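Trainee: The structure follows.
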Amino acid sequence: MTVVIKVGGARAVDPAGALADVASLVADGERVVVVHGGSTKVDETLERLGVEPEYVETPSGIVGRFTDETTMEVFEMAFGHLNTQLVAGLQSEGVDAVGLNGVDGKLLYGPRKSAVRVVEDGKRKIRRGDHSGTIKRVNGDLLETLLSDGYTPVAAPPMAGDDDGEVIPVNTDADRSAAAIAGELDATLVLLTDVEGVYADPEDPATLIEAVETAADWDALEDAAEGFMSRKIMAVEEALDGGAPEAVVADANADEPICSALDGGGTHVYAGALAQDDQQTEETDT
């Protein structure tokens with residue numbers, strides 16, 4: 001089995017349990033790719049430099065970071081630091097980990113978006129000067145080579161952005177990076193976050209959605225996802241569309257967070273749910 005694990009970068013997430021689980025899985029012969037975020041570290045670094053982090057809302061209601069040139073420099077610095085720390089942590093657990101960012105070997109590659117559509121004061125505008133990109137290709141051969149040689153890749157943004165033939169580092173979402181990698185490797189995706197999974201009522205942990213297997217289940221999941229969780233469900237959909245058989249959203253702070261997620265904890269979304277949803281859409285269209 002190949003597992004792609006996304007470790008969150010929020011203040012409330014402690015990666016220690018996840019690193020121990022990665023070591024356990026690798027010792028059992030599983031192939032593991034770790035992908036990490038780091039938005040909190042970026043914000044903290046910007047604040048120390050006296051720069052206010054800026055977030056914008058897209059016309060579809062998704063809130064994301066606006067990454068100008070200064071923020072991009074901080075982004076590279078913060079993510080590089082986090083990557084090294086996670087690799088060192090895995091090495092301490094006996095895992096032969098290798099750190100990568102999306103620019104290395106064009107691991108994550110696609111067009112740069114220098115302008116983004118945003119909503120400000122209820123009006124749609126175009127903001128220019130952004131350093132972000134859309135992943136169109138994953139270098140699966142690079143990952144397969146490392147995995148076959150016994151290494152555990154630890155990957156993160158930035159991605160390799162194509163800007164009229166020039167490759168420049170640009171920001172991309174870590175959840176969607178993990179999703180793209182999981183799809184490329186036909187791997188199970190585990191998105192670790194600071195809650196137990198997706199709740200039907202976002203305010204009530206007792207309403208955890210445990211399994212999503214049908215089109216109706218998928219519709220209910222999309223309706224339940226709010227705020228930061230909507231981005232995770234977007235990543236789940238992209239992973240399953242790309243070839244992943246299953247995606248799990250689970251608690252990073254649980255005991256044995258990855259192993260418990262793979263054993264049934266969290267919210268499990270299966271590729272069949274999307275297939276049924278697509279079939280229903282086609283039947284409605286015809």
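The values are calculated or read from the model by the stated rules, or taken from the named source; none is laboratory data. Predicted model only: the values in this text are computed from it and were never measured. Heads up, the Cβs are rebuilt from the backbone with ideal geometry, glycines too, and the neighbour counts pull from every protein chain shown. We work out accessible area using only protein heavy atoms, side chains counted, and drop any ligands, DNA or RNA first. Shrake-Rupley method; radii C 1.70, N 1.55, O 1.52, S 1.80 Å.
Trainee: If you take the residues in the range 221-260 that are in contact with a strand residue (DSSP E or B) (Cβ under 9 Å, 6 or more places away or on another chain) and open to solvent by 50 Å² or more (accessible area, probe 1.4 Å), which one is nearest to D175 (Cα to Cα)?
Mentor: R231
Trainee: Could you say whether any residue in the range 91-101 is in a loop (DSSP other than H, G, I, E, B), within 22 Å of G8 (Cα to Cα) and within 20 Å of the chain's Cα centre (by Cα)?
Mentor: So far as the range 91-101 goes, no, none of its residues is in a loop (DSSP other than H, G, I, E, B), within 22 Å of G8 (Cα to Cα) and within 20 Å of the chain's Cα centre (by Cα).
Trainee: If I filter the range 145-157 for residues that are more than 21 Å from the chain's Cα centre (by Cα), modelled with pLDDT of 95 or more and in a strand (DSSP E or B), do I get at least one hit?
Mentor: No, there is no match, as no residue in the range 145-157 is more than 21 Å from the chain's Cα centre (by Cα), modelled with pLDDT of 95 or more and in a strand (DSSP E or B).
Trainee: Oh, and also: Limited to the range 226-278, what total is found for residues that are assigned to a helix (DSSP H, G or I), more than 18 Å from E213 (Cβ to Cβ) and over 16 Å from the mean Cα position of the chain (by Cα)?
Mentor: 3
Trainee: Would you mind finding the one in V116, V95, V7, V13 that is at pLDDT 95 or above and of a type in the set (V, I, T)? Break it down stepwise before answering.
Mentor: Working: V116 fails: at pLDDT 95 or above; V7 fails: at pLDDT 95 or above; V13 fails: at pLDDT 95 or above.
After ruling out the rest, the residue left standing is V95.
Trainee: Here's something else I'd like to know. What single numbered condition from (1) modelled with pLDDT under 95; (2) surrounded by fewer than 20 Cβ atoms within 10 Å (Cβ to Cβ) fails to hold for A27?
Mentor: Just one mismatch for A27, condition (1).
Rundown of residues vs (1) open to solvent by 20 Å² or more (accessible area, probe 1.4 Å); (2) not in a helix (DSSP H, G or I), yes/no style:
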{"site": "I5", "(1), (2)": "no, yes"}
{"site": "E47", "(1), (2)": "yes, no"}
{"site": "G50", "(1), (2)": "yes, yes"}
{"site": "F75", "(1), (2)": "no, no"}
{"site": "T84", "(1), (2)": "yes, no"}
{"site": "S114", "(1), (2)": "yes, yes"}
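Trainee: Of the residues G150, G165, G140, which single one is touching a residue at least 12 places away in the same chain (Cβ under 8 Å), at positive phi and either open to solvent by 10 Å² or more (accessible area, probe 1.4 Å) or out of contact with any Lys or Arg (no Cβ under 6 Å at 6 or more places or on another chain) (or both)?
Mentor: G150
Trainee: Taking the residues in the range 52-73 that are touching a residue at least 40 places away in the same chain (Cβ under 8 Å) and either closer than 30 Å to A27 by Cβ or acidic (D, E) (or both) as candidates, determine which candidate is least open to solvent (accessible area, probe 1.4 Å).
Mentor: Among those residues, the one meeting the criterion is D68.
Trainee: Got a sec? Which of V190, V170, V103, V198 is open to solvent by less than 10 Å² (accessible area, probe 1.4 Å) and over 27 Å from P59 (Cα atoms)?
Mentor: V190
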